[in-house]
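Read the structure below first, then the notes.
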Amino acid sequence: MPADRCPPEHCALCGDEALLALVLSVDEARQSADVELDGGVRTVALDLVGGVEPGDAVLVHQGFAIGRMERG
């Protein structure tokens, strides 16, 4: 689907959207984190986002954390 016809919350390439997840634990050696997402626990890569700690909220897309939400 062309980018101009995709809803703004969806990726123009794959049709997926980024989801908000709560970080449960971080594995520095593997650059990954276990997160609570959609009622389950998933492991996501932290290659694109630094400074992530348990309790943080991250945006997850295709198995990668793509952003960390600032605490208010």
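The values are calculated or read from the model by the stated rules, or taken from the named source; none is laboratory data. This is a predicted model, so every value here is computed, not measured. A quick note on method: Cβ atoms are made from the backbone with ideal geometry, for glycine too, and the neighbour counts reach across all protein chains shown.
If only residues of segment 18-35 that are assigned to a loop (DSSP other than H, G, I, E, B) and surrounded by 14 or more Cβ atoms within 10 Å (Cβ to Cβ) are counted, the one that is modelled with the lowest pLDDT is ALA18. The number of residues in segment 19-54 that are charged (D, E, K, R) and over 13 Å from the mean Cα position of the chain (by Cα) comes to 4. Within segment 36-54, being in a strand (DSSP E or B) and modelled with pLDDT under 95 holds for one residue alone: LEU37. Within segment 55-72, the only residue that satisfies the criterion of being surrounded by 12 or more Cβ atoms within 10 Å (Cβ to Cβ), free of Cβ contacts under 8 Å to residues at least 40 places away in the same chain and part of a loop (DSSP other than H, G, I, E, B) is ASP56.
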